Amino acid sequence: MQKSSDIFSTEDARRLAKRRLPRLVFDFVEGAAGREVGTARNVSQFDNVMLQPRVMADVAQCSLATTLMGQSYKVPFGIAPMGMCNLVHPMADASIASAAQAMDFPMGLSSAASTSIEDMARMAGSHAWFQLYFGGSQEASLAMVERAQIAGYETLILTVDVPQVSRRVRDLRNGFTVPFAMTPRAFWDFATHPSWSLSTLAAGAPRPMNFTDSKGSNTFDRGASRSGADWAFLERLRGKWPGKLIVKGVTSAADALRIRSLGADAIYVSNHGGRQLDSVPPAIRLLPLIRAAVGPEFPLLFDSGIRNGEDIVKALALGADFVMIGRPALFALGAEGAAGLNALLSCFATDISVVMAQLGITSIDQLGPYVIFQDAGHAHVDAETKTQAALRLAAKT
Ligand SMILES: Cc1cc2nc3c(=O)[nH]c(=O)nc-3n(C[C@H](O)[C@H](O)[C@H](O)COP(=O)(O)O)c2cc1C
């Protein structure tokens, strides 16, 4: 029998991706701001969150289904918006779309995606959410939103944590640009990774597909300021966009309250995987604070540091309604394409149900801070958060 995948964890996916991808591409995915302390801390902070097992509950039937903004999904996770996914594999975007349809989860299509807004709408249907980066002017940004609306998107993510693209040292060292510049160094990198190079050559080098002018030339500027995504723009966008509006990249409780007051449907707690600010606090530490601020009912999504299903359970317990997967999905795709992605997502789903069984619970809405082990060393899950979780659970049952 043919073995379908060698991936049993994010670590496997990362190791195999590192082998298959040119360094330039691997570093684009894994790299982060500054000394990359923030990105490492996002991940390591999950180790400080421990779960309290409970025994002898009847956990034979366990459901991963959940509801977000009135929409039900079969699993409590989706795939975060990421630019230029086809860099890791020519079929990356298509594989994400297929997985989203098959497993019933949402996926973010970045403004900087290597697949067009319209093509992704055809591939993923209502599972695709469009993620907007402010670009150029308010008019140009709203035109892109209108394009998404015409294509049938019902959910829009506005990313607000990239006022300026950070300095990412790996990309600078490698001479990473979009589209690629064929420097001698890049040529050597590609030549020594033939599996990636041949498949990418056959499919054509990926490029940002949503930035083409009337002459067909690419107008994408990766380094352009996106600071036009300000409070006034959010207000204007809310007035124009009739669908669900999620604001991504929120790390401050005060910002969360203001965003909620401007009519967003959900807040997406994220520090961009440490790609923007090296000294940013670990995202999982911020989540309970933001949950406490916005109250038990307001929808919260979360990413930054998720590496397995157990991490997803922790984020749900600490206040998220839904969790998004970032780099692990690209590692799995870079390692093995669709087979790798499906294998990793299936590990995540299995992890979640096995962990829930250990905790003695059978449904996602039963998760709350009470499943987190607490002692004097874990004071960040405070009494306030516990009360919020009890209210949330009471409201849901
Ligand atoms: C290669 C790459 C490209 C990304 N591109 C975008 C993007 O276009 N828009 C966006 O909102 N976030 C983008 N992100 C951030 C992710 O949506 C997410 O917040 C981050 O990956 C979470 O951190 P983690 O991958 O360490 O879990 C990108 C992340 C990576 C790794």
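The values are calculated or read from the model by the stated rules, or taken from the named source; none is laboratory data. Only a predicted model underlies this, so the values are computations on that prediction, with no experimental measurement involved. Glycine also receives a Cβ, built like all others from the backbone with ideal geometry; neighbour counts cover every protein chain displayed.
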Sole exception among (1) free of Cβ contacts under 8 Å to residues at least 24 places away in the same chain; (2) closer than 21 Å to A121 by Cα for A80, by number: (1)
Set S44, S63: member being small (G, A, S), away from the ligand (no atom under 16 Å from the Cβ) and surrounded by fewer than 21 Cβ atoms within 10 Å (Cβ to Cβ): S63
Region 303-322, residues that are out of contact with any Gly (no Cβ under 8 Å at 6 or more places or on another chain), more than 9 Å from the ligand (Cβ to nearest atom) and at negative phi: N308, G309, E310, I312, V313, K314, A315, L316, L318, A320, D321
Sole exception among (1) within 11 Å of the ligand (Cβ to nearest atom); (2) touching a strand residue (DSSP E or B) at 6+ places or on another chain (Cβ under 8 Å); (3) hydrophobic (A, V, I, L, M, F, W, C) for V88, by number: (2)
Qualifying residue in region 96-105 (condition: within 16 Å of the ligand (Cβ to nearest atom), touching a Gly at 6+ places or on another chain (Cβ under 8 Å), touching a residue at least 24 places away in the same chain (Cβ under 8 Å) and farther than 30 Å from G34 by Cβ): yes
Unmet requirement for A202, which otherwise passes all of (1) farther than 26 Å from G274 by Cβ; (2) crowded, with 20+ Cβ neighbours inside 10 Å: (2)
Only one of T219, T200, T183, T192 that is within 30 Å of V247 (Cβ to Cβ) and of a type in the set (V, I, T): T219
Residue in region 264-278 that is more than 16 Å from the ligand (Cβ to nearest atom), buried (at least 21 other Cβ atoms within 10 Å of the Cβ) and modelled with pLDDT of 95 or more present: no
Residue tally, condition farther than 17 Å from P81 by Cβ, in contact with a Ser or Thr (Cβ under 8 Å, 6 or more places away or on another chain) and buried (at least 24 other Cβ atoms within 10 Å of the Cβ), over region 310-325: 2
Flag if R173 is more than 24 Å from the chain's Cα centre (by Cα), within 22 Å of T39 (Cα to Cα), surrounded by 13 or more Cβ atoms within 10 Å (Cβ to Cβ) and charged (D, E, K, R): yes
Selection count where residues are surrounded by fewer than 18 Cβ atoms within 10 Å (Cβ to Cβ) and either at pLDDT 95 or above or touching a Leu at 6+ places or on another chain (Cβ under 8 Å) (or both), scope region 3-33: 7
Looking only at region 1-38, and only at residues there that are of a type in the set (D, E, K, R) and assigned to a loop (DSSP other than H, G, I, E, B), the one that is farthest from the ligand (Cβ to nearest atom): K3
Residues within region 149-171 that are of a type in the set (D, E, K, R), touching a strand residue (DSSP E or B) at 6+ places or on another chain (Cβ under 8 Å) and within 12 Å of the ligand (Cβ to nearest atom), tallied: 1
Considering residues of region 108-127 that are in a loop (DSSP other than H, G, I, E, B) and aliphatic (A, V, I, L, M) only, the residue farthest from the ligand (Cβ to nearest atom): A113
Members of region 326-341 that are within 15 Å of the ligand (Cβ to nearest atom) and surrounded by fewer than 24 Cβ atoms within 10 Å (Cβ to Cβ): G326
Residues of region 236-251 classified as within 16 Å of the ligand (Cβ to nearest atom) and either small (G, A, S) or in contact with a helix residue (DSSP H, G or I) (Cβ under 9 Å, 6 or more places away or on another chain) (or both), total: 7
Residues that are in contact with a Gly (Cβ under 9 Å, 6 or more places away or on another chain) and among the acidic types (D, E), drawn from region 14-40: E36
